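Take a look at the structure below.
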Amino acid sequence: MRATSSIVFLLALLALPAGATTFTMISDSALADQAALIVQATVLASEPAPIAGPPSTDYFFQVERVVKGYVAGSTIVVRVLGGIGTDGIGLRIWGAPSFRQGERSLLFLEPRGDGTYAILHLMLGAFHELQRGDSRLALRNLSETVEALSVTAGETLEEDLLDGPRDFEAFVEWLSARDRGEALRADYLLRLGDGDMPVSGDPRCTGLNFRWSAFDRAKSVQWSLDIPRKRGPAGRGFFDEARSAWSRASESRIQLTATRAAGPGAGFGSADGVNALLLGDPGDQVAGEFLCSAGGILSLAGVWFDNGRSQECHFVEPGVKGTFRDQLFLEILEADIVTNDGSACFFVSNPSGEAEVLTHELGHTLGLSHSGVVDSIMRGPVHDDGRGAALDPSDRAVLGQLYDISE
Ligand SMILES: [Zn+2]
């Protein structure tokens, strides 16, 4: 029975904190335990967060069912890092979930200090409802492949096997029972059929391409590393491996230099002109702590851009970005990488895993999105198989599209 063996396979995978890049797959139990609030809710509206802090997006959700915890009203505001600030400066975070108006979701949340809620572990804490025939599926958008630049035809695309779909209602019932202290069998996992890959995200804001123009002028981009003097997690040596990998793949067109920071940069707190690598989420910008026993978000990367003083998500209008090879691009003004608190347990004694994670995140800061290609360094889950900073031909191909590098 193919379906049965697939489910067994999925359960086996989910039982392990499998290695991953920006994330390792978190178990449903751990996610539920970490959440202060779990709700089934539908998106009423979204807008740029009206705050002076980091560019964020507010989603207004109509709560339909409280699965765990307590919520005072019938609507909540969920604030997601990334978006366009009040000054028109935008921040693109790879892995931050986005939602369509009218979309039903299952959300794992924790309260923020300002009365809004944060989604635990970015896209790992957000399930999107997908109707397929008589079934209502709950799916996470882990790959973001819809936003990736085109991949070369004929490459093997990854089935989303690390995270199969769930039966929405059965999953909610399981979570509910768990919250009451009852242990139900986790029989809500389904097999993903062909063509059922989740497609989500705000259609107004997808399809963006980002690139640096500095490399066109033979200029380098300088990074500031906030790393302990003794070679700790995300050590200088691994960052050097990561930047060398991208430099080699670009025939040295991409030049990234690294200095030790005098103090920590702002990370995703504000656009400060410093390309910073920060360890351990010092600004508490990632909701949820990485635990080696449970998984979660390891690290994240983002780029800053100028949206022409507008907060409207209408990037396709010319004038606010340049064209390159007949494609529209937003120019990257600054990039940051933040590793999650708790992620040191993954990096310690795992030099190749660390080199791979940093190479993946540096790839984002060069403008690369997630890839659905199995061997790509840009796929969401880390391979953690000893490959370290090694790039796949598909990575070099996308880099070539971005920076006009002949193969
Ligand atoms: Zn990533």
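The values are calculated or read from the model by the stated rules, or taken from the named source; none is laboratory data. Everything numeric in this text was worked out from a predicted model, so none of it was measured. Methodologically, a virtual Cβ is constructed for each residue, glycine included, from the backbone with ideal geometry; neighbour enumeration extends over all protein chains shown.
Selection of region 277-311 for residues being of a type in the set (D, E, K, R) and part of a strand (DSSP E or B) yields only D306. Kindly check whether there is at least one residue in region 210-218 that is at pLDDT below 85 and under 23 Å from the mean Cα position of the chain (by Cα). No - not one qualifying residue is present in region 210-218. For the residues G69, G88, the requirement of being away from the ligand (no atom under 16 Å from the Cβ), farther than 30 Å from F347 by Cα and modelled with pLDDT under 85 singles out G88.
Those helices (runs of 4 or more DSSP H) of region 325-407 in which at least 3 residues are crowded, with 17+ Cβ neighbours inside 10 Å and more than 21 Å from the chain's Cα centre (by Cα), considering only elements entirely within it, cover 393-403. Just a yes or no: is a residue in region 305-314 surrounded by fewer than 24 Cβ atoms within 10 Å (Cβ to Cβ) and modelled with pLDDT of 85 or more? The answer is yes, given that some residue of region 305-314 is surrounded by fewer than 24 Cβ atoms within 10 Å (Cβ to Cβ) and modelled with pLDDT of 85 or more.
Only residues in region 79-93 that are within 18 Å of N275 (Cα to Cα) and outside the structural domain of E110 (by TED's automatic domain parsing) count as the first member; pair them with residues that are part of a loop (DSSP other than H, G, I, E, B) and not hydrophobic (A, V, I, L, M, F, W, C), Cβ under 9 angstrom, at least 6 apart or cross-chain, and list the lot. The qualifying pairs do not exist here.
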